[in-house]
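Comments concern the structure below.
The values are calculated or read from the model by the stated rules, or taken from the named source; none is laboratory data. Only a predicted model underlies this, so the values are computations on that prediction, with no experimental measurement involved. Heads up, the Cβs are rebuilt from the backbone with ideal geometry, glycines too, and the neighbour counts pull from every protein chain shown. When the accessible area is computed, the model is the full protein with side chains, heavy atoms only, and any ligands, DNA or RNA have been set aside. Shrake-Rupley method; radii C 1.70, N 1.55, O 1.52, S 1.80 Å.
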Amino acid sequence: MMDPTTDNAGPTTDPRSSRASLEALRAEIAKAVVGQDPTVTGLVVALLCRGHVLLEGVPGVAKTLLVRALAASLELDTKRVQFTPDLMPSDVTGSLVYDTHTSRFSFQPGPAFTNLLLADEINRTPPKTQSSLLEAMEERQITVDGTPRPLPEPFMVVATQNPVEYEGTYPLPEAQLDRFLVKLNVPLPNRQDEIDVLTRHAAGFNPRDLHAAGIRPVATAADLEAARAAVAKTTISPEITAYVVDICRATRESPSLTLGVSPRGATALLATARAWAWLTGRDYVIPDDVKALALPTLRHRIQLRPEAEMEGVTPDAVINALLTHVPVPR
């Protein structure tokens, strides 16, 4: 693992090779995880946008394995926290510990001081502990005893959660959901993918030994920084900006919703569309980029009316309906 502190001289990696390195993440992760290409793409987009990811799916669909494979494919420091009902905020952020030799308190960093933090089953822990990540996600720092302590760069939280209707879960509050750049639904595999999974296990694949599976680092912090610099140069026309605003404003007027997308959500959609445009090899954003990232970027930022929820309406259905009605720029 490389030192999480990065060189301030700036990235020297060629953006074209950086794009190739990030695209290689998909092939590397596929050595361990079968049939989750859209989810892998969402993780790469979040990396490019300096954002955080919420993965939702039933137990057993390889959410944790997916994140571990991503970490193994990146030359970055990573830590994992299993969120449980008795987990305390200091177990995540760190705390002051009294040193009997010096008769002074010293700060012991928690697992949040890393590049890639896997918050496993984040909705298994009460809101008090969930909120311990808010400052880290938004400010990229953790304050203990009045002293702010910066987190390493890059820093990314990937949280997994079971569907909220499962017993023993605590739904994330809207303020924390809004801090996640994207929410990715991890579906059950189709029949052929499930056959491939079982075939790999029968051949000796061990999900706890990714090194034996052949996963190696294919991208570095320098690649990531160069890619982010290239994404920042991707052109966004005024028409695209207005299109993003119109989509988000339409959610606030939808009769199916009690809560629409905030301006922060609009900013997030613009950022993810920009990153996707760069990943696909363009230096400008088109409406299809916005449509492609609308669901993962917005689905967790809206709230259904109870009557709409009872009728079986889903956030994805509302967003898809709005996308068909909002005029597309020419």
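Remarks
- Taking the chain as a Gaussian network of alpha-carbon nodes connected by springs under 10 Å, the highest mean-square fluctuation of the residues Glu28, Glu239, Glu153 belongs to Glu239.
- DSSP H segments from the chain that extend 20 Å or more along their own axis, Cα-based, with Kyte-Doolittle mean of -0.5 or above: 15-29, 238-252, 263-279
- The range 184-319, accessible area per residue, ligands and nucleic acids excluded (1.4 Å, Å²): 51
- Applying 0.36 nm per residue to the separation of Arg50 and Asp283 and subtracting their alpha-carbon distance, the gain on full extension is 82.0 nm.
- 222 nm mean residue ellipticity, helices alone, for the chain (DSSP H n ≥ 4; -39,500 (n - 2.57); rounded to 500): -12500 deg cm²/dmol
- Here the label points at Glu138 and Val313, each 7 Å from Cα along the C-beta direction, are separated by 2.9 nm in the simple model.
- Split the accessible area of the range 33-183 by element, probe 1.4 Å, and carbon with sulfur accounts for 52%.
- Among the lysines of the chain, pairs that are 8 or more positions apart or on different chains and have alpha carbons within less than 29 Å of each other number 13.
- For the range 51-209: relative contact order, % (alpha-carbon pairs under 8 angstrom, 6 or more apart): 33
- Solvent accessible area, Å² - Tyr98, 1.4 Å probe, full protein context: 120
- Fluctuation leader among His101, His211, His300 - the chain, Gaussian network, Cα springs under 10 angstrom: His101
- Sites Lys128 and Leu65, calculated FRET efficiency, Cβ-Cβ separation with R0 22 Å, nearest 0.05: 0.15
- Gap separating the Cα centres of the range 55-90 and the range 276-330, nearest whole Å: 27
- In a DSSP loop and with at most 12 other Cβ atoms within 10 Å, the trypsin sites (Lys or Arg not before Pro) in the range 227-324 are Lys233.
- Highest-MSF residue in the chain out of Ala226, Ala242, Ala203 [GNM, Cα springs under 10 Å]: Ala203
- Between the beta carbons of Arg264 and Val197, assuming R0 = 35 Å, the FRET efficiency works out to 0.40 to the nearest 0.05.
- The stretch between Ala242 and Thr100, if pulled fully straight at 0.36 nm per residue, gains 45.1 nm over its current Cα-Cα span.
- Neighbour cut-off at most 15 other Cβ (10 Å), DSSP loop, GluC sites (Glu not before Pro), the range 129-196: Glu165, Glu167
- Summed over the residues of the range 55-125 and divided among them, the accessible surface reaches 43 Å² per residue at a probe radius of 1.4 Å.
- Euclidean distance of C-alpha centroids, the range 98-121 and the range 192-258, integer Å: 30
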